[in-house]
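Engineer: Pasting in a structure now, in structure tokens, and then I'll have a few things to ask.
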């Protein structure tokens, strides 16, 4: 049995995706301008990566199921039973839904409740697709923008004070009552929400057109969401979140970790994302998908968030590790200049995504956009090749 394999991930063509970043990275002709939103790398049952073997192509989930300990190692097998993470590339052209992820305990409870209720696993109004949590770490591959947790109280009060449509919400926020503010607004009937959001959007459209605001201001994103047009009615309540969550700009190769209970949304840019292998998402707007307000409110951490940028901790002269405070996954970036190499031994199933340059990994030649994996308990050697510095992202189980 080989120790290293070349893999092919699975493209996801969601409508919010960009048309050029992933095709350019992977040398794909996209003459039809199809959206390339995500590239999945892993053993998710709905879209497992394809492994190239001497006997032919095999789905990664099948290969792991047939050789679990050999591929994952005893520690990962005992704790998780399957590959616990999903590795992705994202290209966000249109903003994603406002969302929160449940904790492991709450995911189990919610899943079991819906199972007992007899909800089909693929029902569009189902909240829990599995029993797992979904923490995630992202590392920017471009200038990246996201919403990340509630603003600190003083800044939020200043925001509510500075915008006339929000003045009636000030006493509701009162003494830093995040739950009161958010719950009150999300439970408003649509006409009451429109009465707040319509003048707010009119102001956003006006200020963007006048060049008074940039991407650091919520007006920019509210204007973008509706394409510079103010709807007459039925305005998405998710617009509020743009104004009360932190707007965070993440430079290339810096990262952010997002755990259970953190209200967030991706706004724009490209990134690497590594997450627990789960589909559990509770949404709070900016989406045509199912929204269950009462379930959403049960899982949000109603507290201020002070965004922490992940710069990566140096492991050695070629590798930086992005801190991930969960047992499901770890992420490092390996940089190899001309003539340099990297040797290590795996403790788990490790995946290697080449983002730049070319490398040779134990008999496998890889260029930008290509992927390989090494099973647990194997030594491996990566040699830079070609004229360009190689940049590789490695996923693993700690």
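Engineer: Given the options 347, 234, 249, which has the most mean-square fluctuation in a GNM of the chain, springs set between C-alpha atoms less than 10 angstrom apart?
Structural biologist: Result: 234 has the largest fluctuation of those listed.
Engineer: Tell me the mean residue ellipticity at 222 nm calculated for the chain from its helices only (DSSP H runs of n ≥ 4, each -39500 (n - 2.57), averaged over every residue, nearest 500). Can you show the working numbers first?
Structural biologist: Numbers: 12 runs with 100 residues, N = 398.
After summing the helix terms and dividing by residue count, I get -7000 deg cm²/dmol.
Engineer: While we're on this one: Dividing the alpha-carbon radius of gyration of the stretch 313-396 by 2.2 N^0.38 Å (N being the number of residues), what value is obtained? Before the final figure, lay out each step's value.
Structural biologist: Working: Rg = 12.1 Å, N = 84, 2.2 N^0.38 = 11.8 Å.
In units of the globular-protein estimate, the stretch 313-396 measures up at 1.02.
Engineer: Roughly how many Å is it from the Cα centre of the stretch 40-65 to that of the stretch 158-177, as a whole number?
Structural biologist: Centre-to-centre (Cα) distance: 51 Å.
Engineer: Continuing with the same structure: Going highest first, how would you order 166-174, 250-258 by mean Cβ packing within 10 Å?
Structural biologist: For the peptides 166-174, 250-258, the packing ranking is 250-258, 166-174.
Engineer: Just rank 397, 326, fewest to most, by other beta-carbon atoms within 10 angstrom.
Structural biologist: Listing 397, 326 from fewest to most nearby Cβ atoms yields 326, 397.
Engineer: Right, next: Calculate, in nm to one decimal, what residue 117 and residue 198 gain on full extension: separation in residues at 0.36 nm each, minus their alpha carbon distance. Show your work: numbers first, answer last.
Structural biologist: On the way: separation 81, 0.36 × 81 = 29.16 nm, distance 3.87 nm.
Result: 25.3 nm gained on full extension.
Engineer: With an 8 Å cut-off on Cα pairs and a minimum separation of 6 or more residues, tell me the relative contact order of the stretch 313-396 in percent. Intermediate values should be presented prior to the final figure.
Structural biologist: Working: 209 pairs, mean separation 30.7, N = 84.
About 36 percent, as a whole number.
Engineer: Using a Gaussian network model of the chain with C-alpha springs under 10 Å, which one of 331, 282, 156 is most mobile by mean-square fluctuation?
Structural biologist: 156
Engineer: Hey, another quick one. Helix 190-209: angle to the longest alpha-carbon principal axis of the chain, degrees 0 to 90, nearest 10?
Structural biologist: Value to nearest ten degrees: 70.
Engineer: Sorting 69, 98, 116, 291 on the 10 Å Cβ count, fewest up front, what's the list?
Structural biologist: Fewest-to-most Cβ neighbours within 10 Å comes out as 116, 69, 291, 98.
Engineer: Express the Stokes-Einstein translational diffusion coefficient of the stretch 282-337 in µm² s⁻¹, to the nearest whole number, given a Kirkwood radius over alpha-carbon pairs, 10 °C and a viscosity of 1.306 mPa s.
Structural biologist: Translational diffusion coefficient: 106 µm²/s.
Engineer: Which one, [x] 0.98; [y] 1.04; [z] 1.10, gives Cα Rg over 2.2 N^0.38 Å as derived from the coordinates shown?
Structural biologist: Answer by label: [y].
Engineer: Right, next: Between rounded, prolate and oblate, where does the stretch 57-205 land on the alpha carbon gyration tensor, with a ≥ b ≥ c its root eigenvalues, rounded for a/c under 1.5, else prolate if a/b exceeds b/c?
Structural biologist: Here the stretch 57-205 falls in the prolate category.
Engineer: For the stretch 206-251, what's the radius of gyration and Dmax over Cα atoms, in angstrom?
Structural biologist: 11.2, 37
Throughout, read-outs are computed from the coordinates displayed, never taken from laboratory work. Keep in mind that this is a model prediction, so the values were computed, not measured. With ideal geometry, Cβ positions are generated from the backbone for all residues, glycine too; neighbour counts draw on all protein chains shown.
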